[in-house]
1. Given the condition charged (D, E, K, R) and in a loop (DSSP other than H, G, I, E, B), answer yes or no: does some residue in region 83-104 qualify?
2. Looking at (1) in a loop (DSSP other than H, G, I, E, B); (2) under 30 Å from GLY72 (Cβ atoms); (3) in contact (Cβ under 8 Å) with a residue 60 or more places away in the chain, which one does GLY202 not meet, given that it meets all the others?
3. Name the residue that is surrounded by the most Cβ atoms within 10 Å (Cβ to Cβ), counting only residues in region 197-212 that are closer than 13 Å to THR282 by Cα and either outside the structural domain of THR236 (by TED's automatic domain parsing) or among the small types (Gly, Ala, Ser) (or both).
4. Looking at THR42, THR35, THR87, THR67, which is the one that is in contact with a helix residue (DSSP H, G or I) (Cβ under 9 Å, 6 or more places away or on another chain), more than 30 Å from GLN249 (Cβ to Cβ) and surrounded by 14 or more Cβ atoms within 10 Å (Cβ to Cβ)?
5. Quick check: anything in region 220-228 outside any loop (DSSP other than H, G, I, E, B) and buried (at least 19 other Cβ atoms within 10 Å of the Cβ)?
6. Any residue that is in a strand (DSSP E or B), aliphatic (A, V, I, L, M) and under 30 Å from PHE188 (Cβ atoms) - is there at least one of those in region 345-357?
7. Any idea which of (1) surrounded by 11 or more Cβ atoms within 10 Å (Cβ to Cβ); (2) assigned to a loop (DSSP other than H, G, I, E, B) is the one ASP215 doesn't satisfy?
Amino acid sequence: MSKKSVIILWVIALVLGISVTTLKLRAPVSGKANTERSRGQTLLDSFPADQVASIQLKGFEKSVTLTKKESGWVVAERGDYPANVSTINNLLRTIEQVKVNNAIEAGPSYGKRFGIDLSATSQEKHGTQLNFSNAANKNIAILFLGKDSDSGGRYIQNEADNSGIYVTSESFPTASVNPKDWLDTTFFNIEKIKSITISPTGQADAIDWKLTRADENAEFTLDGAKPNETLDTAITAPLKTILAGANFQDVASGTDVTTIEKAADRRVATIATIDGFTYTITLVAKPAVKVPDALAKPEEAPPTAEEEAYHLSVKVVANFPKERVKAADEKPEDAKSKDEAFKATQKTLQEKLQKEQALQTRVYEVAKYTVDALLKGRAELLSKPADAAAANTQPSFPGQPTIQTSQPVQAVTPPVSIGE
């Protein structure tokens with residue numbers, strides 16, 4: 001190799017060395033990105049979750065405001081109905097602790113690339129804005145949730161941080177802008193049903209049918225059953241646990257109890273339990289709403305009607321025994337433990353009554369399948385008599401005519417001729 005070539009190689013190596021050294025000197029000593037927050041740090045330097053008194057989530061078309069009052073968290077868009085405290089606390093805890101998985105040097109104007117575009121006309125592109133305020137209505141933080149990241153987590157932007165957009169370790173699945181998703185769905189729970197009385201549609205004072213049973217393990221019997229009326233146990237079986245652990249879909253904030261209790265097409269169910277509870281439930285069908293064809297996208301399936309639903313109101317009363325009935329041969333030591341158990345049971349029942357009576361001032365939206373068993377007419381509860389013609393029909397075979405036995409069959413003998 002010539003002397004000239006060696007010199008050129010040394011010059012190139014020297015230039016490369018200087019370039020690498022310069023880059024290292026310019027880079028932060030910690031190796032972090034040029035953003036306020038970097039990988040492994042919490043999204044916010046400080047978030048006083050215990051001071052948050054109001055949360056607003058805003059999307060393209062819907063928004064919800066959660067407010068903390070003396071009675072607890074409520075959903076403003078549902079007439080200050082109690083909110084799901086667990087879901088709210090989970091959101092606040094997540095905001096306080098969520099870590100940055102990736103930091104992207106990008107100003108607010110680049111938000112569109114990450115699903116944060118407040119001028120967009122679809123929720124997917126618009127994103128979700130979260131406003132957190134304290135009791136004095138002073139801003140604590142404003143965040144923007146974008147689309148999910150392909151690598152996991154979600155793109156998020158802090159209004160107070162113009163240095164970048166971050167990918168977090170959480171995707172915030174509960175950060176819904178739909179008010180009904182924040183409701184406390186604790187509902188009444190009917191147990192040990194003793195009787196069910198149903199009115200015909202629009203005749204609240206009349207009785208369409210009434211079922212009763214001696215105890216929670218017995219089958220129902222139909223009051224006033226005619227000799228030819230027999231209950232179909234396959235149909236009445238679901239009524240044994242009707243509205244046991246049921247949930248509602250939404251609170252009808254624009255409809256009050258008086259309105260549906262006077263509705264011309266209402267149906268009333270009265271359910272009594274062995275424990276002494278009596279529930280008076282008013283049901284009114286909610287018309288299904290069809291999505292306008294104009295809103296349907298060409299690539300999507302044709303719009304369909306929403307699931308059928310009912311508006312429901314409930315009144316709850318109870319009649320509990322004041323004293324325990326003691327057996328004639330009961331021993332004193334047994335009496336004490338049984339008395340304590342009786343008092344504990346009565347306390348539980350009283351607490352249940354108090355919680356369920358708190359539901360009496362609201363109208364709820366429930367799915368039709370939740371109350372479907374209560375909507376059947378008297379005739380639908382009965383076993384169907386076997387078809388007489390079908391019972392008299394002989395089994396047929398392919399290629400052979402069916403023979404009806406309702407009329408006697410006469411054998412026909414062809415005439416026999418005897419040759420002379």
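The values are calculated or read from the model by the stated rules, or taken from the named source; none is laboratory data. Treat the numbers as computed from the prediction; the structure is a model and nothing was measured. Glycine gets a Cβ as well: all are built from the backbone with ideal geometry, and neighbour counts include every protein chain shown.
1. No: region 83-104 contains no residue that is charged (D, E, K, R) and in a loop (DSSP other than H, G, I, E, B).
2. (2)
3. From region 197-212, those closer than 13 Å to THR282 by Cα are 197-205; that's our starting set.
In the following step, the residues that additionally are either outside the structural domain of THR236 (by TED's automatic domain parsing) or among the small types (Gly, Ala, Ser) (or both) were identified as 199, 202, 204.
Working: SER199: 19, GLY202: 11, ALA204: 15.
Restricting to residues being closer than 13 Å to THR282 by Cα and either outside the structural domain of THR236 (by TED's automatic domain parsing) or among the small types (Gly, Ala, Ser) (or both), the top hit is SER199.
4. Numbers: THR35 fails: in contact with a helix residue (DSSP H, G or I) (Cβ under 9 Å, 6 or more places away or on another chain); THR87 fails: more than 30 Å from GLN249 (Cβ to Cβ); THR67 fails: more than 30 Å from GLN249 (Cβ to Cβ).
THR42 is the lone residue from the list that is in contact with a helix residue (DSSP H, G or I) (Cβ under 9 Å, 6 or more places away or on another chain), more than 30 Å from GLN249 (Cβ to Cβ) and surrounded by 14 or more Cβ atoms within 10 Å (Cβ to Cβ).
5. Scanning region 220-228 turns up no residue that is outside any loop (DSSP other than H, G, I, E, B) and buried (at least 19 other Cβ atoms within 10 Å of the Cβ).
6. Narrowing region 345-357 to residues in a strand (DSSP E or B): none.
No: region 345-357 contains no residue that is in a strand (DSSP E or B), aliphatic (A, V, I, L, M) and under 30 Å from PHE188 (Cβ atoms).
7. Among (1) surrounded by 11 or more Cβ atoms within 10 Å (Cβ to Cβ); (2) assigned to a loop (DSSP other than H, G, I, E, B), ASP215 violates only (1).
Per-residue answers, yes or no, for (1) farther than 30 Å from GLU356 by Cβ; (2) charged (D, E, K, R); (3) out of contact with any helix residue (DSSP H, G or I) (no Cβ under 7 Å at 6 or more places or on another chain):
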{"site": "SER71", "(1), (2), (3)": "no, no, yes"}
{"site": "ARG113", "(1), (2), (3)": "yes, yes, yes"}
{"site": "GLU124", "(1), (2), (3)": "yes, yes, yes"}
{"site": "ASN137", "(1), (2), (3)": "yes, no, yes"}
{"site": "ASP148", "(1), (2), (3)": "yes, yes, yes"}
